[in-house]
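Asks: Sharing a structure here in structure tokens format.
Readers should treat all values here as calculations from the given coordinates under stated rules, not as data from a laboratory. Treat the numbers as computed from the prediction; the structure is a model and nothing was measured. A quick note on method: Cβ atoms are made from the backbone with ideal geometry, for glycine too, and the neighbour counts reach across all protein chains shown.
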Amino acid sequence: MELNDLKFLKSLNPIEFVDKPSKETTEFVAKFVNNPEYKDLIVKLRVYAKFPETGLDLTPFVGVNFDRLPLEQTILLKDSLYIYVDNLRERMGLPENFNQQIYLLLFFNTIIDVDWYEGFISEKVDFAVTKKQTVSKLFDYKHEVGVIFIPYNVSFNVFKKQVKKIWKNLQTDMNNNLPSNPYTLRLHQNTELAMKITHLKEEKELTFLKISENIFPENHPRFGDEVYVKKLYYEYQAMWKTPAVQPETK
């Protein structure tokens with residue numbers, strides 16, 4: 001299973017795909033694509049369930065509701081498949097609301113893009129009134145957040161319109177600045193590059209020097225920089241092959 005083999009959904013009902021996955025989605029699937037244990041388990045499950053090696057292709061069903069597909073109507077089969085889903089999800093230390101994503105990844109080689117899947121939100125959307133309460137909640141919040149200022153006399157309809165106007169810029173700023181940890185942010189930005197390096201190293205068996213010459217143009221400062229490529233490779237191996245931490249529940 002490689003990143004290029006996967007398809008990314010915008011919607012299941014009806015089935016609709018996105019052209020390119022978001023960075024957050026790429027990071028999530030990288031845990032599967034680059035972890036030999038998970039890749040091996042996925043292959044075995046597909047063979048055991050008598051699914052195609054690359055999973056069932058949903059492309060011919062664009063525009064059709066997923067829950068109307070014959071497989072989804074076969075309750076006993078679906079329930080048996082979800083036993084495997086639970087097993088893999090628990091191995092990854094993920095909460096139950098990831099079941100559907102794991103199900104899609106295991107048997108359909110697809111996943112709902114993070115931007116269109118609410119289950120990826122690890123903390124609930126909350127609110128505070130007055131400056132004092134806002135500051136207090138911000139100190140207690142576990143992660144970095146974006147803040148929208150709401151005047152006390154604004155109507156709900158006006159609020160919705162204004163949020164729509166600023167949302168694109170807000171999302172861009174959040175993607176560029178959250179998390180605030182420079183190391184984590186750098187990992188976030190280099191995920192796709194590290195996946196290419198991993199593929200060339202493990203599947204094509206290229207040396208780090210050859211990889212640096214393969215992924216960077218000759219005029220790039222990293223062309224021929226095998227030390228940088230090697231460092232990036234091992235940083236991501238450590239991250240991908242470490243089991244995920246179970247999020248805290250309140």
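Asks: Considering only lysines 8 or more places apart in sequence, or on different chains, count the pairs in segment 190-240 whose C-alpha atoms sit under 12 Å apart.
Replies: Count of close lysine pairs: 4.
Asks: Please state the equivalent ellipsoid semi-axes for segment 1-73: what are the square roots of 5 times the Cα gyration tensor eigenvalues, largest first, in whole Å? Kindly include the intermediate steps, with their values, before the conclusion.
Replies: Details: eigenvalues 97, 68, 15 Å².
Taking √(5λ) for each Cα gyration eigenvalue gives 22, 18, 9 Å.
Asks: Another one. How would F159, F107, F216 line up from fewest to most surrounding beta-carbon atoms within 10 angstrom? All intermediate terms of the calculation are to be shown ahead of the outcome.
Replies: Working: F159 13, F107 21, F216 17.
Ordered by Cβ neighbours within 10 Å, fewest first: F159, F216, F107.
Asks: Cα to Cα, under 19 Å, and not fewer than 8 places away if on the same chain: which lysines meet these conditions relative to K78?
Replies: Within reach: K44, K50.
Asks: For a quick check: sort M195, M174, M92 by the number of other beta carbons within 10 angstrom, fewest at the front.
Replies: Working: M195 21, M174 13, M92 17.
Lowest to highest Cβ neighbour count: M174, M92, M195.
Asks: Summing Lys, Arg as +1 and Asp, Glu as -1, what charge do residues with Cβ under 11 Å from the Cβ of G224 carry, G224 excluded?
Replies: -2
Asks: With a bin width of 5 angstrom, please list the P(r) values of segment 190-240 as percents of all Cα-Cα pairs, from the 0 bin to the one holding the largest distance.
Replies: That works out to 5, 25, 35, 26, 9, 2, 0, in percent per bin.
Asks: Lysines near K10 by alpha-carbon distance under 20 Å, same-chain residues fewer than 8 away left out - which ones?
Replies: List returned: K20, K23, K164, K168.
Asks: Among I215, I15, which comes first, second and so on when ranked by fewest other beta-carbon atoms within 10 Å?
Replies: Going from least to most buried by this count: I215, I15.
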